[in-house]
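Data first, discussion second: the structure below is written as C-alpha cells.
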Amino acid sequence: MVEPSVPLRALVVDDEEPALAELVYLLSRDDRIGPIETASNGPDALRILQASAIDVVFCDIKMPGLDGIDLARVLSRFASRPRIVFVTAYDEHAVAAFDLDATDYVMKPVRAERLAEAVRRVVTGAAAAPAGEDPADDEVIPVELAGVTRFVPRSSVRYVEAQGDYARLHTGQNSHLVRIPLSTLEERWRTAGFTRIHRSTLVALAHVDEMRVESGRCSVRVGEDWLPVSRRHTRELRDLLVRSTSLRG
C-alpha cells in the first residue's frame with residue numbers, strides 16, 4: 001500500500017511528444033509525485049511496468065497499436081496493479097474507463113488544478129486500499145461537465161432515463177447525462193437493487209417512496225417525481241418492492 005506521505009512513482013504514456021512533455025512538467029511540480037517514467041506507446045509502457053514499481057499510470061487513450069484502454073485491460077490482470085488516470089481529448093471512452101475502474105478521467109487540454117485533483121484521488125485511493133484490491137461496492141460513473149470529470153456514486157442515483165444511446169442519471173436535485181446505454185446499467189446494477197419499470201426507465205428500489213395504481217395504470221413516486229410503470233413490469237415491480245420491504249424490516 002502506498003503511504004500518503006511517500007511520493008508516487010508515476011508513468012506517463014502518450015504518443016504525442018508535446019502532450020507528454022506538458023504532463024510530465026505539470027506532474028513534476030506536484031510534491032506528491034516522485035520519480036516519473038515516460039513511454040510513447042503501449043508496448044514500451046508494459047516493459048517499464050514489468051521492470052519498475054509504478055504506483056500510477058497517466059495514460060492517453062488514442063495511441064497506435066496497443067491503445068490506453070488495451071493497456072489498462074492488461075494491467076487489470078496484474079497481481080498488484082497501478083492505478084490508472086486516463087488523460088484524453090475524447091469523452092466517449094468514459095464507459096470503458098468506468099468498466100476498468102479508472103481512478104480518474106482527465107480531459108485535454110490539461111489544467112494544473114484538474115490534474116492536482118486527479119493526483120489527490122490517487123493518493124486517497126491508495127491510502128484506503130492496496131492497489132489491485134477491489135474498491136467499495138458502491139460503483140461510480142464518470143460525468144463530464146465543462147471540462148471537469150466528476151464521479152457520481154451509484155448509491156446517489158434514484159432513477160435513470162434512457163435518452164438514445166445516452167442515459168440521464170437523476171440524483172435528487174441534479175441530473176447527469178452520460179454516454180452509457182440504459183441496458184448496460186440495467187445489467188450491471190441489477191444486483192444493487194435497480195430494476196426496469198419502463199422501456200426507458202430504470203429505478204432504484206431503495207428510493208421508491210410510493211406505488212399507485214389508478215385506472216389500471218401503475219406509477220411510482222421517487223422523491224417528488226412520479227414515474228410511469230409499464231404493464232409488463234407492474235407485477236414484477238410489486239413483487240420486488242414487497243420483497244425489499246420485508247428484508248428492510
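On the given criteria, is I84 open to solvent by less than 60 Å² (accessible area, probe 1.4 Å), free of Cβ contacts under 8 Å to residues at least 40 places away in the same chain and over 21 Å from the mean Cα position of the chain (by Cα)?
So I84 does not fit the description; no.
Counting only residues that are open to solvent by less than 20 Å² (accessible area, probe 1.4 Å), free of Cβ contacts under 8 Å to residues at least 40 places away in the same chain and within 30 Å of E113 (Cβ to Cβ), give me the strands (runs of 3 or more DSSP E) lying completely in the range 147-242 with at least 1 of them.
Where strands (runs of 3 or more DSSP E) fall fully within the range 147-242 and carry at least 1 residues being open to solvent by less than 20 Å² (accessible area, probe 1.4 Å), free of Cβ contacts under 8 Å to residues at least 40 places away in the same chain and within 30 Å of E113 (Cβ to Cβ), they are 148-153, 166-171.
Taking the conditions exactly as written (over 14 Å from the mean Cα position of the chain (by Cα) and either at pLDDT 85 or above or within 30 Å of V24 (Cα to Cα) (or both)), does L182 satisfy them or not?
yes
So G249 ticks every box in (1) over 23 Å from E139 (Cβ atoms); (2) at pLDDT 90 or above but one. Which box is left unticked?
(2)
Let me confirm something: among R73, R47, R77, which residue is without any contact (Cβ under 8 Å) to a residue 24 or more places away in the chain, of a type outside the set (F, W, Y) and closer than 20 Å to G125 by Cβ?
R77
Filter the range 7-24 down to residues that are of a type in the set (G, A, S) and touching a Gly at 6+ places or on another chain (Cβ under 6 Å), then give me how many there are.
0
The values are calculated or read from the model by the stated rules, or taken from the named source; none is laboratory data. If you're wondering where the values come from, they're calculated on a predicted model, not measured in any experiment. Virtual Cβ from ideal backbone geometry, glycine too; neighbours counted across all protein chains shown. These accessible areas exclude ligands, DNA and RNA; they are computed on the full protein's heavy atoms, side chains included. Shrake-Rupley method; radii C 1.70, N 1.55, O 1.52, S 1.80 Å.
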